[in-house]
Amino acid sequence: MTDSKYFTTTKKGEIFELKAELNSDKKEKKKEAVKKVIASMTVGKDVSALFPDVVNCMQTDNLELKKLVYLYLMNYAKSQPDMAIMAVNTFVKDCEDPNPLIRALAVRTMGCIRVDKITEYLCEPLRKCLKDEDPYVRKTAAVCVAKLHDINAQLVEDQGFLDTLKDLISDSNPMVVANAVAALSEIAESHPSSNLLDLNPQSINKLLTALNECTEWGQIFILDCLANYMPKDDREAQSICERVTPRLSHANSAVVLSAVKVLMKFMEMLSKDLDYYGTLLKKLAPPLVTLLSAEPELQYVALRNINLIVQKRPEILKHEMKVFFVKYNDPIYVKLEKLDIMIRLASQANIAQVLAELKEYATEVDVDFVRKAVRAIGRCAIKVEQSAERCVSTLLDLIQTKVNYVVQEAIVVIKDIFRKYPNKYESVIATLCENLDSLDEPEARAAMIWIVGEYAERIDNADELLESFLEGFHDESTQVQLQLLTAIVKLFLKKPTETQELVQQVLSLATQDSDNPDLRDRGYIYWRLLSTDPVAAKEVVLAEKPLISEETDLIEPTLLDELICYIGTLASVYHKPPSAFVEGGRGVVHKSLPPRTASSESAESPETAPTGAPPGEQPDVIPAQGDLLGDLLNLDLGPPVSGPPLATSSVQMGAVDLLGGGLDSLIGGTNFVAPPTAAVPANLGAPIGSGLSDLFDLTSGVGTLSGSYVAPKAVGSISMDLQLTNKALQVMTDFAIQFNRNSFGLAPAAPLQVHAPLSPNQTVEISLPLSTVGSVMKMEPLNNLQVAVKNNIDVFYFSTLYPLHILFVEDGKMDRQMFLATWKDIPNENEAQFQIRDCPLNAEAASSKLQSSNIFTVAKRNVEGQDMLYQSLKLTNGIWVLAELRIQPGNPSCTLSLKCRAPEVSQHVYQAYETILKN
Amino acid sequence: MSASAVFILDVKGKPLISRNYKGDVAMSKIEHFMPLLVQREEEGALAPLLSHGQVHFLWIKHSNLYLVATTSKNANASLVYSFLYKTIEVFCEYFKELEEESIRDNFVIVYELLDELMDFGFPQTTDSKILQEYITQQSNKLETGKSRVPPTVTNAVSWRSEGIKYKKDEVFIDVIESVNLLVNANGSVLLSEIVGTIKLKVFLSGMPELRLGLNDRVLFELTGRSKNKSVELEDVKFHQCVRLSRFDNDRTISFIPPDGDFELMSYRLSTQVKPLIWIESVIEKFSHSRVEIMVKAKGQFKKQSVANGVEISVPVPSDADSPRFKTSVGSAKYVPERNVVIWSIKSFPGGKEYLMRAHFGLPSVEKEEVEGRPPIGVKFEIPYFTVSGIQVRYMKIIEKSGYQALPWVRYITQSGDYQLRTS
């Protein structure tokens, strides 16, 4: 007879009937009735009305019946807290039952009844159970402490249960130790400050011993706990690693991954020269590969983690490419992850094989997978330079298949290849153009338009091609519209004679018929540019683009380090820190890898103490440098440019007088205030004032308002000082400010506070705090900021350049080892060299000056009479810049070499250096 | 740290049974699971981890059931999936098959097991043999009030009970090697690996200490016997019972075994071996009329050995009809539900070469959707033979009562994931 019969009571008055049965004298009938109740509960019926009757069955010597009643209690106690008290006596009694199974059951269940009133009664039984002679009861009681802590943390502390729990770490029974560790970790996780798990070498030793004896799950608890420990030196780290490595041979994938986590973390402390370091690297590869024969879900977790490991330590799996080849019957999520890892492992040595595989995948039937495979080919081309040609020809082969989505993806990636290797593969443009009609996805259309615009001079019918897109301009997505606008402007600048009409058409479509502010703004900017100074327009629109590199899809190093600490957990699967998906501040501790211990080979020790007193000088306000702004729009502070008759001047401009006298109005200077470091207040401002000029004074020729950025104030964060002068004849009110998206996500951290109305000719100074959490869009130049100030009269648009060092953060000091490794790791083509002239500082002074602007000296060397300063800095968005500053005593100019993964910032960092050093 | 609750859902997403372990995620959240799963599937972005707001679902599917764990913390995902699989294993041991029916039929015991398997999100005892000692289906037995926790549960040796007795003490050792192969359409081997497992069937009394000796290259090098024939095991995984630190130290495989069947260890080798059964195929598709298939199979192993139960499955288009076959040996059969022809050869001696031809008609109207190109799969078993050359050199059995026990060894090589891509 099976239990399913219990589900089949459907009569009316069921509850009433059950009630009668529950109160029956016959044991058997009682048990049957409880089973029926539980069955009803299982299918979701509300049987809470039977609470007292069920609780009455609790006192029984039948274990099965007891378990069922307990189960019922766990489910309904919360909804009937008053009646739940009725059960307390039995619980307390059961906690003293001679049978350990019943004692454990009672303490386990009590902990699950989340009713405050009950918890008070739980304390005494729990205390006894924690000291029970039977390990089964003790291991259950250990977990119960965590349960109780979750309900009433204060109670647990007051009752001293935490200390008892800590004592259990030294219990003779491995399972008790494991559960105590699990309970403590759980409590510590929700109370990061409690310092519960103050691990020391002795307790670590105990854990490592228990590791050999407890169940697979216990091993995971202990390994996860060990991963939070910070060994005091590299020797201790090594000895822990030695005792953890045998776990890599465990059949349970979760044990293996937790062991990998400990090893990856502690490895950070080992010197790379150590023999052991190499041994460890070798030991890590085989178990990681074996994880790929686990069940698909575990494979998925493993692959997501391997993705991190490959980024952190590529050497571990560099020879294991083949195991990531996709199999026909792999689930799609496994296929996609494998593909991603294949690209990460792609190198010159294995690229031929990888490409052959990718090509194979690109002809499969699963659309998502095929798309990703095509993209992967593009990424390979960008990553492995030697393979670019082969990749391009593979892509062309794929385009020939005429499979619509393959063609579209191929075009998207070819665009990137063009960006990476300019003037190399343009011969394929003709083939691409043949497929113009089949493109129906915005990304592909935009990519194709970009290609046509970029290479307009080589495509005979570029104007026709672009014109064909223009017909349905308003039906296109924003992405395509923006691209089309830019492409046509490029075309116009390259072939002005034939395309005048086209450019007028697109400008008016963008500015007059569109509701999209981005599109309108861009349209206006181009329009104004073209009409004021075509030469400048050319410089701006056709400026050389920074190269793209493979690094763009790498996880940012600090995040990567954090994720390594979370191997095996959800964070490692999402590739997001727990703070991004776990609610509330509770339970979110940022973890970081242990610092590398200084190895003995370092001859010169890096500059340690931060340089003491700040330079006494107060920051001077450097007068606004118009020429900085000049490369943006050539709209500087001077009188309006009276350009030559313009190609577009015949366009009907509607009410907007673009050529009007708006340019003569506004003069202003800007200062940015950098966040002063704790030690060095307020010497940073180094204001590269750049005029905030009103780009579009659309009202009239009368100047109305001037924005200027004045002397910095000492505030804890970045801020912008504005000086607003009302030059109009009318009172100004209702000020508001907005920034356009910009390279570093600068955004006002507070609304613009202009308290009183601004009367004519009155000036007000405002300091606007800034944050760096705004939307990011790469600007040209990088440090360009477009600002809109609104008031009751109109909206005023400004553009300004800010000095980059306002973005240098305080934790920008890189560890020596890391510095060396990173310097080597960044390809030489990313290095930029600059001369800083007229800077008669010695190394000491320069170093301290720079430090006060968050440029940190990592090491100092003297080579042939020259002082070499090795410095690091970090930008608010996590980009690291490494610098080598060579100072020759007696020579007023010094040489600055910069290396950065994003080389486009170098120029601006150099300007920041110059500003700081000469300040 | 781990699961907040575990659910077993039917194929439509309706909860059959559930257990709330931590109470920090509302049980009603499970309602979001199925719609989310369907949505992701449609988007082609299905993954074993789904999230809805602050709740994360970690799920696996077993026959017509979903096992779902919920959490709102940064749980250890690999632990949760391992645990869910372990749960399935335990249920299967208890109910033979795990499906909707068996959950309903045994809901009381399912509740009991869920209570014992995990506590507050921490997996506890998951060894079904031990669980069966104190959670039994014949629940009446328990009424005597004698039921106790078997000390095994919390022992360091948590997988073997004391006091086991056999009349005849024996151990059966099966060395099984599976060959995984992936071959490109143009015939080059992309991936070839051997995954070996050593399975034991233990009928031994008392608490025996076992030591297994293999011709492990690392061990031979350690002990200076590097001239003997040995095998380099790339990665070895052991059952819970094996003393891992001892193995790490001196490569000794020593353990107290569980009673009955279990998998002692598995290993992996990626040494290139000649594919044991090599397939050459020509699949010619004449649109709107026919498909012609020619498959040549060659046994590339020792002449003395014989592969048994060879099954070669060759993909055919899903709209093929009227099959005709010609085989030099064995028989071919069309399996329309899998869109394959299966060519079975009962015994296939090494060094031999066989041929199969198949002919299918195709409808004159071509269907629209493109079909994938599934690979050719091969199944086989070669007894008394290991590809890697691994050997059990000895199995020492020491028990304090001093009985003599006999180890029996059997070797077998079989196909694992054996795929040859077609063009």
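The values are calculated or read from the model by the stated rules, or taken from the named source; none is laboratory data. As the structure is a computational prediction, the values presented were derived from the model and not from experiment. Cβ placement follows ideal geometry from the backbone for every residue including glycine, while neighbour counts extend to all protein chains displayed.
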Here the residues within region A:318-339 that are touching a Phe, Trp or Tyr at 6+ places or on another chain (Cβ under 9 Å), within 13 Å of chain B (Cβ to nearest Cβ) and crowded, with 19+ Cβ neighbours inside 10 Å are A:Val326, A:Tyr333, A:Val334, A:Lys335, A:Leu336, A:Glu337, A:Lys338
Test result for B:Tyr411, away from chain A (no Cβ under 14 Å), under 26 Å from the mean Cα position of the chain (by Cα) and assigned to a strand (DSSP E or B):
yes
Limited to region B:52-88, what total is found for residues that are facing chain A (nearest Cβ under 7 Å) and either free of Cβ contacts under 8 Å to residues at least 12 places away in the same chain or closer than 17 Å to A:Ala254 by Cβ (or both)?
12
Do we find that A:Cys380 is closer than 26 Å to A:Glu457 by Cα, away from chain B (no Cβ under 14 Å) and not hydroxyl-bearing (Ser, Thr, Tyr) in this structure?
no
The number of residues in region B:238-254 that are in contact (Cβ under 8 Å) with a residue 24 or more places away in the chain, closer than 19 Å to B:Thr223 by Cβ and not in a loop (DSSP other than H, G, I, E, B) is 3
Can A:Phe221 be described as more than 13 Å from chain B (Cβ to nearest Cβ), crowded, with 22+ Cβ neighbours inside 10 Å and in a helix (DSSP H, G or I)?
no
Since A:Leu199 meets every condition but one in (1) in a helix (DSSP H, G or I); (2) within 36 Å of the chain's Cα centre (by Cα), which condition does it not meet?
(1)
Odd one out for A:Ala444 among (1) modelled with pLDDT under 90; (2) out of contact with any Cys (no Cβ under 8 Å at 6 or more places or on another chain); (3) crowded, with 18+ Cβ neighbours inside 10 Å:
(1)
Which listed residue, of A:Val789, A:Val795, is among the β-branched types (Val, Ile, Thr) and modelled with pLDDT under 80
A:Val795
Matching helices (runs of 4 or more DSSP H) fully within region A:3-83 where at least 1 residues are at negative phi and at pLDDT below 85:
A:14-22, A:27-42, A:63-76
State which residue pairs qualify: first residue farther than 18 Å from B:Phe7 by Cβ and more than 8 Å from chain A (Cβ to nearest Cβ) and inside region B:117-130, second residue modelled with pLDDT of 90 or more and assigned to a helix (DSSP H, G or I) in any location, beta carbons under 6 Å apart, and separation of 6 or more residues or different chains.
B:Ser128/B:Val90; B:Ser128/B:Glu93
Give me a count of the residues in region A:116-131 that are more than 13 Å from A:Phe161 (Cβ to Cβ) and crowded, with 19+ Cβ neighbours inside 10 Å.
1
Single condition A:Leu208 does not satisfy, out of (1) part of a helix (DSSP H, G or I); (2) surrounded by 21 or more Cβ atoms within 10 Å (Cβ to Cβ):
(2)
Residues of region A:776-807 being assigned to a loop (DSSP other than H, G, I, E, B), closer than 15 Å to A:Asp518 by Cα and among the hydrophobic types (A, V, I, L, M, F, W, C), which ones?
A:Met777, A:Met779
Sort out which residues of region A:253-275 are farther than 22 Å from A:Leu560 by Cβ and more than 14 Å from chain B (Cβ to nearest Cβ), and write them in order of number.
A:Asp273, A:Leu274, A:Asp275
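Every residue, every condition in (1) closer than 30 Å to B:Lys296 by Cα; (2) under 24 Å from the mean Cα position of the chain (by Cα); (3) at the interface with another protein chain (Cβ under 9 Å from one of its Cβ atoms); (4) surrounded by 21 or more Cβ atoms within 10 Å (Cβ to Cβ), yes or no:
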site: B:Leu190; (1), (2), (3), (4): yes, yes, yes, no
site: B:Leu210; (1), (2), (3), (4): no, no, no, yes
site: B:Asn228; (1), (2), (3), (4): no, no, no, no
site: B:Lys237; (1), (2), (3), (4): no, yes, yes, yes
site: B:Gln240; (1), (2), (3), (4): no, yes, yes, no
site: B:Pro257; (1), (2), (3), (4): no, yes, no, yes
site: B:Glu280; (1), (2), (3), (4): yes, no, no, no
Check whether at least one residue in region B:89-108 is more than 24 Å from the chain's Cα centre (by Cα), facing chain A (nearest Cβ under 10 Å) and aliphatic (A, V, I, L, M), and report yes or no.
yes
Checking A:Leu308 against (1) surrounded by fewer than 20 Cβ atoms within 10 Å (Cβ to Cβ); (2) more than 8 Å from chain B (Cβ to nearest Cβ); (3) farther than 24 Å from A:Asn195 by Cα; (4) out of contact with any Asp or Glu (no Cβ under 8 Å at 6 or more places or on another chain), the condition it does not meet:
(1)
Taking only region A:347-357 into account, find how many residues are more than 9 Å from chain B (Cβ to nearest Cβ) and either touching a Ser or Thr at 6+ places or on another chain (Cβ under 8 Å) or surrounded by fewer than 22 Cβ atoms within 10 Å (Cβ to Cβ) (or both).
7
Does at least one position in region A:130-148 carry a residue that is modelled with pLDDT under 90 and under 42 Å from the mean Cα position of the chain (by Cα)?
no
Residue list for region A:525-575, filter: more than 30 Å from A:Ser253 (Cα to Cα) and of a type in the set (Phe, Trp, Tyr):
A:Tyr526, A:Trp527
Among the residues of region A:76-86, are any more than 14 Å from chain B (Cβ to nearest Cβ), in contact (Cβ under 8 Å) with a residue 24 or more places away in the chain and under 23 Å from A:Lys27 (Cβ atoms)?
yes
Of the residues A:Ala178, A:Ala146, A:Ala183, A:Ala141, which is free of Cβ contacts under 8 Å to residues at least 40 places away in the same chain, closer than 29 Å to B:Pro151 by Cβ, of a type in the set (Gly, Ala, Ser) and surrounded by 22 or more Cβ atoms within 10 Å (Cβ to Cβ)?
A:Ala141
Being in a strand (DSSP E or B) and in contact with a strand residue (DSSP E or B) (Cβ under 7 Å, 6 or more places away or on another chain) is the requirement here; does B:Val329 meet it?
no
